[in-house]
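The values are calculated or read from the model by the stated rules, or taken from the named source; none is laboratory data. Since this is a predicted model, take the numbers as computed values, not measurements. Cβ sites come from the backbone with ideal geometry, for glycine too, and all protein chains shown count toward neighbours. Heads up: the accessible areas ignore ligands, DNA and RNA and are worked out on the full protein's heavy atoms, side chains in. Shrake-Rupley method; radii C 1.70, N 1.55, O 1.52, S 1.80 Å.
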Amino acid sequence: MTPKFDKVHNRFKLNGLHYDHEDLKEVAYSLIKEGESHEKATGNFLIDWLNDNDYIEVKTSGSTGKPKLIKLKKQVMVNSAIATGDFFGLEPGNTAIDCLPSHYIAGKMMLVRAMILGLEIDFVEPSAHPIFDYEKKYDFCAMIPLQLKHTLKYTYNIKTIIVGGSKVTQPLLERIKTCNSRFFETYGMTETVTHVAVRQLPSKVSKGEKFFSAIPNVSFSQDERQCLVINAPNLLGEPLVTNDMVDLKSETSFKLLGRYDNVINSGGIKLFPELIEDKLQPAIDERFIVAGEEDETLGERLVLIIENPRDSADSIANRIRYIKGLTKFEVPKHIYITDKFVETVNGKIQRTKTIESVLG
């Protein structure tokens, strides 16, 4: 029998204590009244989850467009939690860490997974460097790359860690290779109730995977632009057409190439900024993006925008010349320096606005 959103699993624990449906309401009110700002956000979510409505309102991150408020059916969120549990083999009584803010879908879903799957979850402040019990064994945790970067040396007792929200950088990937946990990069969005696909990263327990794999009851296809179409009847009313261009291996696996609206056409050559940025990472320590700038000869020329670098543009350009695997088309024709990237409220780079602010 499929669990329902108005039921709390009898094995669920929050910070070591068991709560049923009514108990959680009291906890929520207490968090709202007496808690810190992040605890108030969790209290507000719990109130929304435990009320009689069959939906909650969630704000999108705004990383690829203007933030908007959307309604998500609670039962759809339950379906997502079950699919995640099935994929990763989570069982009642397993332990988990919630270190993500409850303002956004990823943090909300950690709590939903715990309540529905019967996890014993420890809720900690969702800072850039989350503090948790480093000696306790945990089965599951979700982090953004910045959090993982700061806590990687303390993750030896966490069995499975999913990472999402922004790109996993090459330096972080190299550090992950020396760890014993299982790490998975996620693909998804608010509209799909967090991830619909995951890709295992190389570590001491896995060689890693190049392709993302669908979670249960999800399949993929492509439109005429080579963009991913998500088919998830348990999560979506109808197929969702994305702007993410992919190399589709099968109906349940794909390689992410980059966003359709970011593709640069330089002299008839299609350049994918996200793939080029992966190649450039070893040469640049700071945050950066590549973009297309109008050019009379090429139509668009590839340029590099770096946020407040320590080194000069000439020094960075010289390092780029020695990167193996970088084609002549992928070498930036000019480097721009900016003091600060334009960000969303939760720290994601707003690529379009940043490019506009630099290039005009």
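One table, with the values for the structure above:
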item	result
Qualifying positions in the stretch 232-248 - free of Cβ contacts under 8 Å to residues at least 60 places away in the same chain and either open to solvent by 40 Å² or more (accessible area, probe 1.4 Å) or acidic (D, E) (or both)	P233, G237, E238, P239, L240, V241, D244, D247, L248
Output for the stretch 77-103, where each listed residue is closer than 12 Å to A142 by Cα, touching a Phe, Trp or Tyr at 6+ places or on another chain (Cβ under 8 Å) and not charged (D, E, K, R)	A96, I97, C99
Qualifying position, being touching a Gly at 6+ places or on another chain (Cβ under 7 Å) and outside any helix (DSSP H, G or I), among N265, N243, N234	N265
Filter result (among the aromatic types (F, W, Y) and over 18 Å from E274 (Cβ atoms)) within the stretch 304-360	Y322, Y336
The stretch 1-35: number of residues that are surrounded by fewer than 18 Cβ atoms within 10 Å (Cβ to Cβ) and within 25 Å of the chain's Cα centre (by Cα)	1
Qualifying positions in the stretch 304-315 - out of contact with any Pro (no Cβ under 7 Å at 6 or more places or on another chain) and either of a type in the set (G, A, S) or open to solvent by less than 40 Å² (accessible area, probe 1.4 Å) (or both)	I305, I306, E307, P309, S312, A313, S315
Residue under evaluation C179, criteria (1) open to solvent by 50 Å² or more (accessible area, probe 1.4 Å); (2) farther than 13 Å from F88 by Cβ; (3) at pLDDT 95 or above, criterion not met	(1)
Pair list, Cβ < 8 Å and 6+ apart or interchain, from the stretch 271-292 residues that are on the phi < 0 side of the Ramachandran plot to residues that are open to solvent by 40 Å² or more (accessible area, probe 1.4 Å) and hydroxyl-bearing (S, T, Y)	Q281/T169; A283/Y322
Leading residue by the ranking (most open to solvent (accessible area, probe 1.4 Å)) among those in the stretch 58-88 that are at pLDDT 95 or above and of a type in the set (K, R)	K73
The listed residue being out of contact with any strand residue (DSSP E or B) (no Cβ under 6 Å at 6 or more places or on another chain), over 28 Å from T60 (Cβ atoms) and of a type outside the set (V, I, T), out of D278, D311, D339	D311
Selection status of K340, over 25 Å from Y260 (Cβ atoms), part of a loop (DSSP other than H, G, I, E, B) and touching an Asp or Glu at 6+ places or on another chain (Cβ under 8 Å)	yes
Test: residue in the stretch 49-57 that is of a type outside the set (D, E, K, R), surrounded by 15 or more Cβ atoms within 10 Å (Cβ to Cβ) and in contact (Cβ under 8 Å) with a residue 60 or more places away in the chain	yes
Close pairs (8 angstrom Cβ cut-off, 6 or more residues apart or separate chains): more than 20 Å from F272 (Cβ to Cβ) and in contact (Cβ under 8 Å) with a residue 40 or more places away in the chain in the stretch 204-225, surrounded by 14 or more Cβ atoms within 10 Å (Cβ to Cβ) and hydroxyl-bearing (S, T, Y) anywhere	S213/T252; S213/S253; I215/T84; V218/T252
When residues of the stretch 316-339 are limited to those that are surrounded by 12 or more Cβ atoms within 10 Å (Cβ to Cβ) and free of Cβ contacts under 8 Å to residues at least 24 places away in the same chain, the one nearest to the chain's Cα centre (by Cα)	A317
Number of positions in the stretch 288-303 that are crowded, with 18+ Cβ neighbours inside 10 Å and outside any strand (DSSP E or B)	1
Matching entry among L146, L201 (being under 15 Å from the mean Cα position of the chain (by Cα) and open to solvent by 50 Å² or more (accessible area, probe 1.4 Å))	L146
The stretch 153-168 - residue that is in contact with a helix residue (DSSP H, G or I) (Cβ under 9 Å, 6 or more places away or on another chain), open to solvent by less than 60 Å² (accessible area, probe 1.4 Å) and part of a loop (DSSP other than H, G, I, E, B) and, of those, farthest from P126 (Cα to Cα)	V168
Qualifying position, being hydrophobic (A, V, I, L, M, F, W, C), closer than 20 Å to P130 by Cβ and in a helix (DSSP H, G or I), among A106, A96	A106
Given (1) assigned to a helix (DSSP H, G or I); (2) at pLDDT 95 or above, index of the condition E91 fails	(1)
